[in-house]
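Asks: For reference, the structure I am asking about is given below.
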Amino acid sequence: MAEKMLAAHAGLDEVVPGQLVECDLDGVLANDITAPIAIKTVREIGAGVWDPTSIFLVPDHYSPNKDIKSAEQTKVTRDFAHEMGITHYYEQGCMGIEHALLPELGVVGPGDLVIGADSHTCTYGGIGAFSTGVGSTDAGVGMATGRAWFKVPETIRIQVDGELPAGASAKDIILYVIGQIGVDGALYCAMEFTGSTIANLSVEGRLTIANMAIEAGGKAGLFEVDDVARKWLEGRTERPWTEYHSDPDAQYKQVIKIDAADIVPTVAWPHLPSNTHPVAESRHIKIDQAVIGSCTNGRIEDMRAAADVLRGRTVDPNVRCIVIPATQGVWLQCVHEGLMDVFINAHCVVSTPTCGPCLGGYMGILAAGERCVSSTNRNFVGRMGDPTSEVYLASPAVAAASAVAGHIALPSDL
């Protein structure tokens, strides 16, 4: 899939792994942290932007602005968007967490080649796009020229077959994979997910897995478009899409076969996403905070999973539980489905869409020695606050159950 998409955007019949190609882009993304540097690069090039309809600016990391510095960052982004007539600038009140927002609104679609000045841009592979994170300077060049260069990656095929055990989810699949191959196991490779288990996943679940391809070192996380995806995409995308499917005789760097029965509810202990353990063997770990949201697990499916656990229960009095729907659309759907009542009655904090706590920005900073179980994607040292704090990665259901129990727990424990 990766080779076909890069070849098409490079105007070539075919490409091979290791080949350097220059490609036409379908979109360039930046946020309130990375956009100002990219904008500086555009100014230095001096030619304006290549296509104001294909640049996506989403102020999601510190929005609403938490301090003067973040307000200045956002103002640079906003002023540039207005000056250049950029149509996909999402003001506070309309925005969401970028990697949930763009697929939801149909701004990206299957077959697109998108770069973003954010490492989790790989999320869009969940709907069959080749998308990858780049530095802000590369994003700025992309904004100015509509082009970027790539080294064609090798591809690792990850085939998951069978039925997931009760309580296991898409988040557990990707944590299992990363636990097996390590944080550099797919370094600069495209990760192509397939198999009967994958075919039975919702699009939300696929986006969760693609989102964390970067946590295994992957250049992209790719899913073929099938009937499940087509139904989700129909009437949603701004432009017609193109499907790319791997050939039956495609050559892979590696084929990893996984029996879904081996995947159990999983938690990644500090300080790497690969430090995985069954939740059932982690109950001794007390927590101070739970976060449910992010570009990994802030979609409506995730909100429902958390609400199913929290309904009729309350958060342990020694725990803060922060719920962050990833977009305004998800937020509104939570209201319509009564999920907000569940969260508030359970004594959760409910936030407007923001990346906030995931990167230690705001809305949930950890003090020295505190522990958080989180449905986010990274648990590096100091990721969510003080360098002595700890982040444990898990699914929304496990995060919700842990908030109630006061320690890492399975929903069934309640």
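Asks: Out of everything in region 378-389 that is more than 15 Å from Ile292 (Cα to Cα) and touching a helix residue (DSSP H, G or I) at 6+ places or on another chain (Cβ under 9 Å), what residue ends up being surrounded by the most Cβ atoms within 10 Å (Cβ to Cβ)? Lay out the reasoning, then the answer.
Replies: Initial filter on region 378-389 (more than 15 Å from Ile292 (Cα to Cα)): 380-383, 385-389.
Still in the running and touching a helix residue (DSSP H, G or I) at 6+ places or on another chain (Cβ under 9 Å): 383, 385.
On the way: Arg383: 22, Gly385: 19.
So the residue we want is Arg383.
Asks: Cβ-Cβ distance below 7 Å, separation of 6 or more or different chains: which pairs start in region 240-259 with a residue that is among the charged types (D, E, K, R) and end on one that is open to solvent by 70 Å² or more (accessible area, probe 1.4 Å)?
Replies: Lys253/Glu154
Asks: A follow-up question, please. With the requirement that a residue be touching a strand residue (DSSP E or B) at 6+ places or on another chain (Cβ under 7 Å), among the aliphatic types (A, V, I, L, M) and closer than 24 Å to Thr194 by Cβ, what does region 133-165 give you?
Replies: Of everything in region 133-165, those that are touching a strand residue (DSSP E or B) at 6+ places or on another chain (Cβ under 7 Å), among the aliphatic types (A, V, I, L, M) and closer than 24 Å to Thr194 by Cβ turn out to be Val152, Ile156, Ile158, Val160.
Asks: Would you mind listing the strands (runs of 3 or more DSSP E) fully within region 142-255 where at least 2 residues are modelled with pLDDT of 95 or more, buried (at least 19 other Cβ atoms within 10 Å of the Cβ) and not β-branched (Val, Ile, Thr)? If you could, list the steps in order and put the result at the bottom.
Replies: On the way: elements: 147-151, 155-161, 190-194, 220-223.
Qualifying strands (runs of 3 or more DSSP E): 147-151, 190-194, 220-223.
Asks: Within the set of pairs 6 or more residues apart or between chains, which connect a residue that is surrounded by 19 or more Cβ atoms within 10 Å (Cβ to Cβ) inside region 268-282 to a residue that is in a loop (DSSP other than H, G, I, E, B) and of a type in the set (Lys, Arg) with Cβ atoms less than 8 Å apart?
Replies: Listed pairs, sorted by first residue: Pro273/Arg378.
Asks: Let me ask another. In region 96-141, what residues are at positive phi and surrounded by fewer than 24 Cβ atoms within 10 Å (Cβ to Cβ)?
Replies: Passing the criteria: Gly106, Gly111.
Asks: Kindly check whether there is at least one residue in region 390-398 that is touching a Phe, Trp or Tyr at 6+ places or on another chain (Cβ under 7 Å), modelled with pLDDT of 95 or more, closer than 24 Å to Pro265 by Cβ and crowded, with 18+ Cβ neighbours inside 10 Å. Full working, then the answer.
Replies: The initial filter retains those residues of region 390-398 that are touching a Phe, Trp or Tyr at 6+ places or on another chain (Cβ under 7 Å), namely 392.
Right, trim to modelled with pLDDT of 95 or more and you get 392.
Pick out the ones that are also closer than 24 Å to Pro265 by Cβ and you get 392.
Subsequent filtering for residues that are crowded, with 18+ Cβ neighbours inside 10 Å retains 392.
Yes, that holds for at least one residue.
Asks: Since Lys219 meets every condition but one in (1) touching a Phe, Trp or Tyr at 6+ places or on another chain (Cβ under 7 Å); (2) more than 18 Å from Met5 (Cα to Cα), which condition does it not meet?
Replies: (2)
Asks: Within region 114-121, identify whether any single residue is acidic (Asp, Glu), in contact (Cβ under 8 Å) with a residue 24 or more places away in the chain and part of a loop (DSSP other than H, G, I, E, B), and answer yes or no.
Replies: yes
Asks: Please count how many residues of region 333-353 are on the phi < 0 side of the Ramachandran plot and in contact with a Ser or Thr (Cβ under 6 Å, 6 or more places away or on another chain). Give the derivation first.
Replies: If we filter region 333-353 for residues that are on the phi < 0 side of the Ramachandran plot, which is where we start, we get 333-337, 339-346, 348-353.
Cutting the leftovers down to in contact with a Ser or Thr (Cβ under 6 Å, 6 or more places away or on another chain) gives us 346, 353.
Residues in region 333-353 being on the phi < 0 side of the Ramachandran plot and in contact with a Ser or Thr (Cβ under 6 Å, 6 or more places away or on another chain): 2 in total.
Asks: Specify the residue that is surrounded by the most Cβ atoms within 10 Å (Cβ to Cβ); the eligible residues are those in region 12-51 that are within 26 Å of the chain's Cα centre (by Cα) and assigned to a loop (DSSP other than H, G, I, E, B).
Replies: Asp32
Asks: Can you tell me which residue within region 59-77, out of those that are part of a helix (DSSP H, G or I) and surrounded by fewer than 19 Cβ atoms within 10 Å (Cβ to Cβ), is farthest from the chain's Cα centre (by Cα)?
Replies: Residues of region 59-77 that are part of a helix (DSSP H, G or I), as a first pass: 68-77.
Within this subset, residues satisfying the condition of being surrounded by fewer than 19 Cβ atoms within 10 Å (Cβ to Cβ) are 68-69, 71-72, 75-76.
Details: Ile68: 27, Lys69: 25, Ala71: 24, Glu72: 26, Lys75: 25, Val76: 25 Å.
My answer is Ile68.
Asks: Next up: I'd like to check something: does region 64-85 contain any residue that is within 30 Å of Ile300 (Cβ to Cβ) and of a type in the set (Val, Ile, Thr)?
Replies: Yes: region 64-85 contains one or more residues that are within 30 Å of Ile300 (Cβ to Cβ) and of a type in the set (Val, Ile, Thr).
Asks: Please name all residue pairs, on different chains or six or more residues apart, with Cβ atoms under 8 Å, provided the first residue is in region 143-158 and is free of Cβ contacts under 8 Å to residues at least 24 places away in the same chain and under 11 Å from Leu25 (Cβ atoms) and the second residue is among the polar types (S, T, N, Q) and outside any helix (DSSP H, G or I).
Replies: Hits for this filter: zero, empty list.
Asks: Of the residues Met340, Met363, which is part of a helix (DSSP H, G or I), crowded, with 16+ Cβ neighbours inside 10 Å and of a type in the set (A, V, I, L, M)? Give the derivation first.
Replies: Values: Met363 fails: part of a helix (DSSP H, G or I).
Exactly one residue qualifies, and that residue is Met340.
Asks: Hey, among the residues in region 276-295 that are of a type in the set (Ser, Thr, Tyr) and within 30 Å of Leu101 (Cβ to Cβ), which one's nearest to the chain's Cα centre (by Cα)?
Replies: Only one residue tops the list, namely Ser294.
The values are calculated or read from the model by the stated rules, or taken from the named source; none is laboratory data. Just so we're clear, the structure is a prediction, and the values are computed from it rather than from any experiment. For neighbour counting, all protein chains shown are included, and Cβ atoms are generated from backbone atoms with ideal geometry for every residue, glycine included. These area figures cover heavy atoms from the full protein model, side chains too; ligands, DNA and RNA do not enter into them. Shrake-Rupley method; radii C 1.70, N 1.55, O 1.52, S 1.80 Å.
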